[in-house]
Amino acid sequence: MPKTIGVIQVKGGTGRSTIATNLAGELSKHGSTVLIDCDMPQGTSASWFVVREESKRNLFGSLKVDTAINHRELVIKVEQYADTDYIVLDGPPRIAEMTRAALVLADLCLVPVGASKAEIWATSDILELIKEARQVKPINARMLWTRHRPHTKLAQELTELATKELGLTALKSTLGMRVAYMEALGDGLTGAEMPDPHARTEIENLINEAKVLLKKK
């Protein structure tokens, strides 16, 4: 059975597709991986994969991409890839049946949160969805800081606020505010494939932590 990671966030602009593409691209170097883009017709992750294929970057791993336009199709697609090692779900930026389905289907749910108070408040909308999903099965949901600046006073304040407002355990891994991630998304690459050593380290840490959490399931 594949290990499935859902990248879930009902607020747009938090780096959801950046995280999904980085996870899929790097996990494909560890095993067969499918990236399912659930945010159609925008299809940022699907577009990233097309660029990756054209640049022949996909030769370094075993990665496929698929799309789902509704929650029923998502369930069918996940079942179709039962012989895959990893499945990454790039969820839509809204509260929808697709989001609920992704929460239930995933072994690990990552909730990206940008480094601002407004994004923490907006993320509280997803807590009710997680609560509903936990009535169906245990949900391992973790918060992932994006655009993070760890050694600032604001970062400490935001961590305290997030713990109080959201109650989600944060990953030790964080993603900083780096041009490398934006460039990688447009070029069909992952942060670990960019020349920026900080981006490489952050993505490597994220992959290692995700794999550990998936093994604990």
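Quick look at the numbers
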item	result
Karplus-derived HN-Hα couplings along the range 10-19 (A = 6.51, B = -1.76, C = 1.60, θ = phi - 60°), whole Hz, x at Gly and Pro	7, 9, x, x, 9, x, 4, 5, 4, 5
Cα principal axis extents for the range 3-216, largest first, Å	43, 42, 33
Distance between modelled label sites at Q80 and R134, nm, 7 Å Cα→Cβ extension	3.3 nm
Förster-model FRET efficiency, 25 Å R0, I95 and K64, C-beta, rounded to 0.05	0.35
Hits among aspartates and glutamates - C-alpha to C-alpha of K137 under 19 Å, sequence gap 8 or more where chains match	E79, E97, D107, E128
Cross-link pairs K64/K164; K3/K56; K77/K211 - those with Cα-Cα distance over 32 Å	K64/K164
FRET efficiency, K117 to N208 (Cβ-Cβ, R0 41 Å, nearest 0.05)	0.85
Amide hydrogen neighbours beyond the local backbone of K3, cut-off 5 Å, H modeled	Y86, I87
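Bear in mind that the values in this text are calculations on the coordinates, not laboratory data. Everything quoted here is computed from the prediction, not taken from an experiment. Glycine gets a Cβ as well: all are built from the backbone with ideal geometry, and neighbour counts include every protein chain shown.
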